[in-house]
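The values are calculated or read from the model by the stated rules, or taken from the named source; none is laboratory data. Quick caveat, the model's predicted, so the values are computed rather than measured. Heads up, the Cβs are rebuilt from the backbone with ideal geometry, glycines too, and the neighbour counts pull from every protein chain shown. For accessibility, only protein heavy atoms count, side chains too; no ligands or nucleic acids. Shrake-Rupley method; radii C 1.70, N 1.55, O 1.52, S 1.80 Å.
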Amino acid sequence: MKLFSLLAFILLLGSGCSMQLPPNQWQIQSANAFESYTKNFLAGHDAVATGDLKRAIAHAKAGGDFESLARIYLGMCALRISVGRPDKCSEYQEIAEFTSDPSLKNYYTLLQNNTEAIEPSLLPRPYNSFAEHMQKKEYALAFASLEDAPISSKLIGAALLKEHLSIAQAENILESASFYGYKKSVLYWLGVLEELNESTSEKEAIRKKIEILKRR
Amino acid sequence: MQYNKMKIAVGLFVLTFFVTIAFSSFLILQEKGTFDKRYSFYFTTQSANAFSVGMPLKFSGFDIGTIDEIALNDDGSVKITFSVAEKNRKWISEHCVLLLQKPLIGSPHIEIYSSIENPPLEEGALVEIIISDDINGMISKLEPAIDRLINIITSVDAITSKLSSEDSDLFATIKNIKLFTDKLSNGDALLTTVTGDAHATQSLIDALNTTAAIMEETHKISKDVQGVTSNLKQDILTPSSQAIQELNAIMKDVKQKLEALDGTVKSVGSYDTQLLEIKEQISAGLTKSNQLMDKIDALTQDETKTEVPLP
């Protein structure tokens, strides 16, 4: 029995080693690298994130696929916006003419907070009702629609709504970012809270927290 | 009953197997001429050096016989017996000659020279052998190499003659060195980058300037020497010998400085190459680590996702 198990294990191992990679491996690798970039960027692991991003771009370029490349550039832009860095998505704009997917342009319009021009149904699912509420200027509902969204979408949506958020909503986002260990987002939302708070002592306490967290 | 039948079947199989093996072996040995009648001959030589039992005898490049026995005669000579198969007997004809070949590379063998028109030699007869002269053979093999060596020597002579002329590349190089040193002394940033020390740079520039000055002096002195040697007047013999001594000292100095400069240039060149190698290694390492990270991503994430997810 032991011998049989050993043989079965060796056979499985052999078949695993000889497993053929799909020809579109670059697509999978690009998607995986970008996902890794998303996490590392938000967590503040900048060096690792830069490496991940380069890999994602390199794989997309290997396939000569401008749609994938545009997704990466837009995702990159969205993440910057989510941590309070205004971005015009210049990388995407440079290659936008080579893409035909209307959802990409729509996503770009959302990122630029041009809510009037958005077609909500063409956005990724987490943003469908968010965009609809944004167009109707129902900001509290827009924020509530992000409740079940993936963390990155939640952070992006909240950043787009920043001007209309209450202290409680900002604290909610801060908790979510903290739960995932996304230091960059935590620092950003602490900054937002500092702006929103009117109490000097609160402001001072938040500033101290930011200072401590920024220390290595 | 059935068991007995099985025993008979096994017995028949084993018997057939051994018969087949024996028959196949016989056929192979017959094909190789093991059972052929062999004809023996012999030759005598002063030494058994370079001969051995089993050594082949070749005719037109084909092995047609082998040495079977080597025996020492009472008179000190060596009797060597060889044999050939029946089908090759015709090559051992009357007046045939054996020639011992000892190539520089490869094992020695005996070459047979015979005429097919002559009748076959009687079995057991003596065959004449010629031992080739090793040194002459070697010289004939070395002749092409010697010819090349002579060509090289002639070329070196031509090169040195050319170098010694006024319009030679050597003089052009010396002029170029002067230009180079002037440029280096005007801008020392490059050298400081190389040496990493402003003092060292200044010392090098001073040395180079000295070299350039010495070069000019050397050229003047060489012209003096030329003039002196052409006239060979008694009254200038002593000054000229001084000039030659001075020239010798200067040339030694120049040599030392050029060697130092050569070392510097080479080390700069080697740093450049090393940096390039290191850069290539780092690049290869990065590519490998990226591939590894792709694999880790594939293991830890969704392997089937083919679209970059918009966050």
Cα gyration tensor, segment A:130-207 - rounded (a/c under 1.5), prolate or oblate: oblate
Between B:ASP68 and B:LEU292, what is the spin-label point distance in nm, taking each point 7 Å from the Cα along the Cα→C-beta axis? 7.1 nm
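How big is the B/A interface in buried accessible area, both sides summed, 1.4 Å probe, to the nearest 100 Å²?
In total, chains B and A hide about 1900 Å² from solvent.
What is the sum of charges around A:LEU190, taking Lys and Arg as +1, Asp and Glu as -1, for the other residues whose C-beta is under 15 Å from the C-beta of A:LEU190?
Around A:LEU190, the charge tally is +2.
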Could you tally the net charge around B:PHE13, taking each other residue with its Cβ under 14 Å from the Cβ of B:PHE13, Lys/Arg +1 and Asp/Glu -1? +2
Under 16 Å from a point placed 7 Å out from the Cα of A:ASN24 along the Cα-to-Cβ direction: which residues of segment A:109-137 have their backbone N that close? none
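Using 0.36 nm per residue, how much length does the chain from B:LYS279 to B:GLN202 gain when fully extended, once their Cα-Cα distance is taken away? Walk me through the numbers before you get to the answer.
Working: separation 77, 0.36 × 77 = 27.72 nm, distance 3.12 nm.
Gain in length upon complete extension: 24.6 nm.
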What number, in percent, do you get for the relative contact order of chain A if the mean sequence gap of Cα pairs under 8 Å and at least 6 apart is divided by its residue count? 15 percent
At 7 Å along the Cα-to-beta-carbon direction for both B:ALA125 and B:LYS37, put a label point, then send me their distance in nm to one decimal. 1.7 nm
When the dipole is taken about the Cα centre of chain A, and only Lys, Arg (+1) and Asp, Glu (-1) are charged at their Cβ, what size is it in debye, to the nearest 20? 880 debye
Using Cα springs under 10 Å in a Gaussian network model of chain A, which residue among A:ILE81, A:ILE95, A:ILE57 shows the largest mean-square fluctuation? A:ILE95
What FRET efficiency, computed as 1/(1 + (r/R0)^6) with R0 = 22 Å and r the Cβ-Cβ distance, is obtained for A:ALA205 and A:GLU163, rounded to the nearest 0.05? 0.40
Residues other than A:ASP148 with Cβ under 15 Å of its Cβ, Lys/Arg counted +1 and Asp/Glu -1, net out at +1
Against the longest alpha carbon principal axis of chain A, how many degrees, from 0 to 90 and to the nearest 10, is the axis of helix A:102-111 turned? 40 degrees
Between B:ALA158 and B:ILE28, what length in nm is gained on full extension when 0.36 nm per residue of separation is reduced by their alpha carbon distance? 40.2 nm
Can you give me the distance in nm between label points at B:SER52 and B:MET6, each placed 7 Å from the Cα along the Cα-to-Cβ direction? 5.5 nm
If you take the beta carbon distance between A:ARG215 and A:VAL48 as r and set R0 to 22 Å, what does 1/(1 + (r/R0)^6) give as a FRET efficiency, to the nearest 0.05? 0.65
The FRET efficiency for B:ALA145 and B:GLN101, from their Cβ-Cβ distance with R0 = 22 Å and rounded to 0.05, is 0.60
Quote the Stokes-Einstein diffusion coefficient, in whole µm² s⁻¹, for segment A:44-194, based on the Kirkwood radius over alpha carbon pairs, a temperature of 10 °C and a viscosity of 1.306 mPa s. 99 µm²/s
